[in-house]
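Just below is one structure, and these are the notes that go with it.
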Amino acid sequence: MAMSTLTDTTLVMALDGGLNKEGKPVIKKKSFRNVKINATDDQLYSVAKVLAPLKQYPLISIERNNIVDLSEQA
């Protein structure tokens, strides 16, 4: 049976960059690495909401990307 171990977490903020020449939406992403892996979703959400007004573009969404190592259970 496989065992998973959380090794890294990244907070990603998707921002509204407006429209390109063809009128399609431009989404800009800002990533924050080295997030504590034991940070809760609520904590990351709160941090992103506090940082959002400091960004040049409006906030569209908040993502949490986890890196997990899979290994065989001993």
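What follows draws every value from the coordinates through simple rules; no lab data is involved. These numbers come from a predicted model, not from an experiment. Reconstructed Cβ throughout: ideal geometry from the backbone, glycine too, with neighbour counts over all protein chains shown.
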Restricting to region 52-74, name every residue that is free of Cβ contacts under 8 Å to residues at least 60 places away in the same chain and more than 17 Å from Thr40 (Cβ to Cβ). Ala52, Pro53, Leu54, Lys55, Gln56, Tyr57, Pro58, Leu59, Ile60, Ser61, Ala74
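Restricting attention to region 16-45, and to residues there that are among the basic types (Lys, Arg) and touching a residue at least 24 places away in the same chain (Cβ under 8 Å), which single residue is farthest from Leu6 (Cα to Cα)?
Among them, the one singled out is Lys28.
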Need the failing condition index for Ala48 against (1) surrounded by 13 or more Cβ atoms within 10 Å (Cβ to Cβ); (2) more than 30 Å from Ser4 (Cα to Cα), just the number. (2)
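A quick yes/no check of all residues on (1) within 17 Å of Arg64 (Cα to Cα); (2) surrounded by 12 or more Cβ atoms within 10 Å (Cβ to Cβ); (3) touching a Cys at 6+ places or on another chain (Cβ under 6 Å):
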| site | (1), (2), (3) |
| --- | --- |
| Thr10 | yes, yes, no |
| Leu15 | yes, yes, no |
| Gly18 | no, no, no |
| Lys21 | no, no, no |
| Pro25 | no, no, no |
| Lys29 | yes, yes, no |
| Phe32 | yes, yes, no |
| Asp41 | yes, no, no |
